[in-house]
1. Evaluate E = 1/(1 + (r/R0)^6) for residue 41 and residue 9, where r is the Cβ-Cβ distance and R0 equals 22 Å; express this FRET efficiency to the nearest 0.05.
2. Beta carbons within 10 angstrom, averaged per residue: use that to sort the peptides 29-38, 2-11, highest first.
Amino acid sequence: MYKDKNRYRAGVSFSATDPYESQLALHAMKQGKFSNYIKRLIDRDMQGTPVKRHSEPMSVNNRNIGSVI
């Protein structure tokens, strides 16, 4: 987290190769100002407002493919 005189700045990264994370990034970018959207989500969480959560799809690669089949 970065702090200057009057602001804190925190970055969020999304994987370009993970379809789920790419979908999250695309959705967030469609919401208008990214910073305001994230702040609203944090506020809802702090207020205890239920948020519809989606299950994260399991990534499948050569290491875990045996557990899927």
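1. Numbers: r = 17 Å, r/R0 = 0.77.
Taking R0 as 22 Å, the efficiency between residue 41 and residue 9 is 0.85.
2. Details: 29-38: 11.0, 2-11: 7.2.
Sorting 29-38, 2-11 by mean packing, highest first, produces 29-38, 2-11.
Values quoted throughout were computed directly from the atomic coordinates according to the rules given, and no laboratory measurement underlies them. Every value quoted in this text rests on a predicted model; they were computed, and no experiment measured them. So basically every Cβ, Gly included, is an ideal-geometry build from the backbone, and we count neighbours across all protein chains shown.
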